[in-house]
Every structure is written in C-alpha cells, then in structure tokens.
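**Student:** Below is a structure I'd like to ask you about.
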Amino acid sequence: MPELSRRAVLRLGATAGALGAGALLAPHLVRAAPSQPTMLTGSFDSPARGGITTNWAIARPPGQTGTLRPLIALHGKGGDAASVMAGGVEHGLAEAVAAGLPPFAVVSVDGGGSYWHRRASGEDAGAMVTDELLPLLAEHGLDTSRVAFLGWSMGGYGALLLGGRLGPRRTAAICAVSPALWLTSGATAPGAFDSASDFAANSVFGMPALGSIPIRVDCGNDDPFYTATEAFIGQLPHPPAGGFSAGGHDGSYWSSQLPAELTWIAPLLTA
C-alpha cells in the first residue's frame, strides 16, 4: 500500500474537529472541470432528530462514476457536516486516491451535540445515520452494504458505537481518533449522557461486535481522554491499529494522523 504524503491528505481532516460555520445549501453537484473532484451536498428533515433540518455532504474522487463505498466521517461536539468538509476535503480525497489508494467516498452529516445516541428528548443522531443517512446514500449511488466509520472526539466515540451496532457484516472498519470516552458516568462532560443508566446503555466498553471489526484508535499523549482510551484499548480482545503518540486534543494532532488512517481504512473498506 503506498505511503501517502502529509500534503496529499492534510486538507482532508485539518478542520474535522473544528467548529463548523454555516449550513450547506440545497442539493447541488459541483464540477469545476472533468479532472476536478466532485462534491454533492444536500439536506433532509430528520424524523430521528425530531424533524431538524440535517445537512449532509458526499465527496468523491474525480473521474469515479462507478459505485463507491462510503467512509462516514463523524464530527466532534460543536461541529457539523460543513466543518468536516471544510478546508478542501474533496481535493484531499482526490490526491489520496491519485497517490494509489483504492477509491472510496467520504460522507459527513450534521449530528448535533447529542453524542450520536438516543437521548431522553427523543433525538437520536445514531438512528439518523443508520436508518436515514445510509438509505439516502444508496439513493445517490453509494454501496452501503459495507461502510467504514471515522470520527474525532465525540465522533470517535460515535464511530465505535455506530460501527459496533451495525456489526461486522456491515462495518468494514472503524477509526476512532481521540475518542470521547469516560470510565464512569460521574466523569462525563455535561450533556454527553442523560443519566448513569444512559451512560451504561450506550457504553462501547465490552461491545461484543467490536471484537470482530477492524479497529484503529489514535490518541495524543497529552489528550484528556488518554486514560479512558488506554483502558478501552486494553479491554479489546485484539489489539487495534494505531496507538498513542505526541499531541493533544486538537486539529493539529488529528491532521497529522490522517495519512496513516486513510492508508489503513481504504483497503479494508474497498475489499
């Protein structure tokens, strides 16, 4: 598998965990030229999120008119579909594929700040992804029989949760970057869970399916989630790819890890 340059994918995730600004417009396909990448964006009113208008985006490498499998990229708290794609994600994807990776699509979607699971309010961003977004992606020509998940912080936790719930038949790979994990309900961030029982019901610790799905976990040595992430890795039946390295809980660290993460994900997703 070719080694990707930092330049080739830096733009793919430099702002993945940053706060998003603005909403995506009505569906449109951007084609600058035949050799340029394509981006499709749109929105739908999500029943799973209480009817909230939910924006989504699909980035494809240039020249790829066939069916592609999607990498679902889940944003961190305060982010949205636009913040994941900000910074030229379609161009970074194009350069990654040009560098030799098998082609795939990258998908982002608004998930709010509810930590990708059902809340007492009735909002369920996780069900939005599995029950609403995936069928929508199939309508737009993506092969959703197998998907992969990549997420940062809150999205890293969500990638583990949703990938595990879809199970090994549907989930080709999960990459959790600086995942927002806690060892006890009392240690969680305000708003992450509704109660101790909500925390327990949506824990990714001990999820049987995660033992049968290829997993990569990346976390900085100075990340506040280091201890809980180390504990999560330690209870997995098989050591995941990735690991700990210098860095914190920020975009600089996340962009530095992305070349290796895409190199790892692409062949698993497209196999």
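The values are calculated or read from the model by the stated rules, or taken from the named source; none is laboratory data. Worth saying up front: this structure is predicted, and the values here are computed from it rather than measured. Positions of Cβ are generated from backbone atoms using ideal geometry, with glycine treated the same way; all protein chains shown enter the neighbour counts.
**Student:** Scan the range 28-38 and tell me whether some residue there is at pLDDT below 95, over 23 Å from Leu162 (Cβ atoms), surrounded by fewer than 21 Cβ atoms within 10 Å (Cβ to Cβ) and within 20 Å of the chain's Cα centre (by Cα).
**Tutor:** Kept after step one, since they are at pLDDT below 95, are these residues of the range 28-38: 28-38.
Okay, now just the ones that are also over 23 Å from Leu162 (Cβ atoms), so 28-38.
Then keep just the ones that are surrounded by fewer than 21 Cβ atoms within 10 Å (Cβ to Cβ); that gives 28-36, 38.
Adding the requirement that they be within 20 Å of the chain's Cα centre (by Cα) leaves 38.
The answer is yes, given that some residue of the range 28-38 is at pLDDT below 95, over 23 Å from Leu162 (Cβ atoms), surrounded by fewer than 21 Cβ atoms within 10 Å (Cβ to Cβ) and within 20 Å of the chain's Cα centre (by Cα).
**Student:** Suppose we keep only residues that are surrounded by fewer than 18 Cβ atoms within 10 Å (Cβ to Cβ) and among the hydrophobic types (A, V, I, L, M, F, W, C) within the range 234-259. Which one would you say is farthest from the chain's Cα centre (by Cα)?
**Tutor:** Ala246
**Student:** Can you tell me which residue within the range 89-110, out of those that are within 17 Å of Trp152 (Cβ to Cβ) and more than 11 Å from the chain's Cα centre (by Cα), is surrounded by the most Cβ atoms within 10 Å (Cβ to Cβ)?
**Tutor:** Selected residue: Leu93.
**Student:** Residues to consider are Trp254, Trp264; find the one that is in a helix (DSSP H, G or I), among the aromatic types (Phe, Trp, Tyr), in contact with a Lys or Arg (Cβ under 8 Å, 6 or more places away or on another chain) and within 24 Å of Phe104 (Cβ to Cβ). Before you say what the answer is, go through the steps one by one.
**Tutor:** Numbers: Trp254 fails: in contact with a Lys or Arg (Cβ under 8 Å, 6 or more places away or on another chain).
Going through Trp254, Trp264 in turn, the sole match is Trp264.
**Student:** While we're on this one: Checking His91 against (1) within 24 Å of Leu181 (Cβ to Cβ); (2) in a helix (DSSP H, G or I), which test does it fail?
**Tutor:** Result: His91 passes all but (1).
**Student:** Just checking, does the range 173-191 include any residue being of a type outside the set (Val, Ile, Thr), farther than 16 Å from Ala231 by Cα and under 13 Å from the mean Cα position of the chain (by Cα)?
**Tutor:** Yes, because at least one residue in the range 173-191 is of a type outside the set (Val, Ile, Thr), farther than 16 Å from Ala231 by Cα and under 13 Å from the mean Cα position of the chain (by Cα).
**Student:** Taking into account only those residues within the range 189-212 that are aliphatic (A, V, I, L, M) and in contact with a helix residue (DSSP H, G or I) (Cβ under 6 Å, 6 or more places away or on another chain), which is surrounded by the fewest Cβ atoms within 10 Å (Cβ to Cβ)?
**Tutor:** Ala196
**Student:** When residues of the range 44-63 are filtered for being assigned to a strand (DSSP E or B) and out of contact with any Phe, Trp or Tyr (no Cβ under 7 Å at 6 or more places or on another chain), how many remain?
**Tutor:** Of the residues in that region, 11 qualify.
**Student:** Let me ask you something else. Looking only at the range 94-132, filter to residues that are in a loop (DSSP other than H, G, I, E, B) and hydroxyl-bearing (Ser, Thr, Tyr); which one of those is farthest from Ala173 (Cα to Cα)?
**Tutor:** This residue is Ser121.
**Student:** Please go through the range 161-182 and pick out each residue that is surrounded by 13 or more Cβ atoms within 10 Å (Cβ to Cβ), without any contact (Cβ under 8 Å) to a residue 60 or more places away in the chain and either out of contact with any Gly (no Cβ under 6 Å at 6 or more places or on another chain) or among the polar types (S, T, N, Q) (or both).
**Tutor:** Matches in the range 161-182: Leu161, Gly163, Gly164, Arg165, Leu166, Gly167, Pro168, Arg170, Thr171, Leu181, Trp182.
**Student:** If you don't mind, there's one more thing I want to ask. For the range 143-153, give me each residue that is closer than 15 Å to Val109 by Cα and more than 10 Å from the chain's Cα centre (by Cα).
**Tutor:** Hit for the range 143-153 is Val147, nothing else.
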